[in-house]
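Heads up: the structure comes next, in structure tokens.
All of the numbers you see were taken from the coordinates with simple rules; none came from a lab. All values reported here derive from a predicted model rather than from experimental measurement. All Cβ positions, even for glycine, are placed from backbone atoms using ideal geometry, and neighbour counts span all protein chains on display.
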Amino acid sequence: DVSSPKHGKVDPDNMPHVGGNTWAGGTGGRDTAGLGGKGGPYRLDAGHKVYQISQAEKDAVPEEVKRAAREMGEKAFKQRLKEIQMSEYDASTYERFSGAVRRQVQSLRIILDNLQ
């Protein structure tokens with residue numbers, strides 16, 4: 001079961017973590033920031049293969065936990081904007097322009113990676 005959202009511990013060795021309720025950047029777990037799990041406050045990609053839980057499990061998360069996770073994610077987003085001296089308007093403008101060229105940038109990254 002989910003209890004309350006949290007960032008989670010940071011693994012200094014960046015080992016892949018699947019399931020559980022401990023590590024930030026893990027996959028398929030609960031309550032912590034990561035990918036493919038449930039009840040975490042925000043998505044956090046540590047660069048590992050993603051293991052998804054079922055949509056039914058995600059839908060079963062209690063509304064109060066979802067609300068707490070959204071609030072924590074929003075707070076972390078605003079803090080990050082403050083750290084990089086960016087307003088919410090700046091962020092939405094950046095996202096609008098970035099989204100328009102996202103596929104082209106991804107293609108270019110693949111080409112450059114292959115050249116290296």
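Assorted remarks:
- Under the simplified labelling scheme, the Tyr94-Gln106 pair shows an inter-label distance of 2.0 nm, with each label point 7 Å from Cα along Cα→Cβ.
- Computed [θ] at 222 nm, deg cm²/dmol, the chain (DSSP H ≥ 4; -39,500 (n - 2.57); rounded to nearest 500): -16000 deg cm²/dmol
- On Cα atoms only, tilt of 88-115 relative to the major axis of the chain in degrees: 70 degrees
- Bridging of Lys75 to lysines at a Cα separation below 19 Å is possible for Lys6, Lys9, Lys38, Lys66, once same-chain residues fewer than 8 apart are set aside.
- Rg(Cα) / (2.2 N^0.38 Å) computed for the chain, rounded to two decimals: 1.22
- Principal-axis tilt of helix 63-83 within the chain, Cα atoms, nearest 10 degrees: 40 degrees
- Additional length obtainable on full extension of the chain from Ile53 to Ala76, 0.36 nm per residue less Cα span: 5.9 nm
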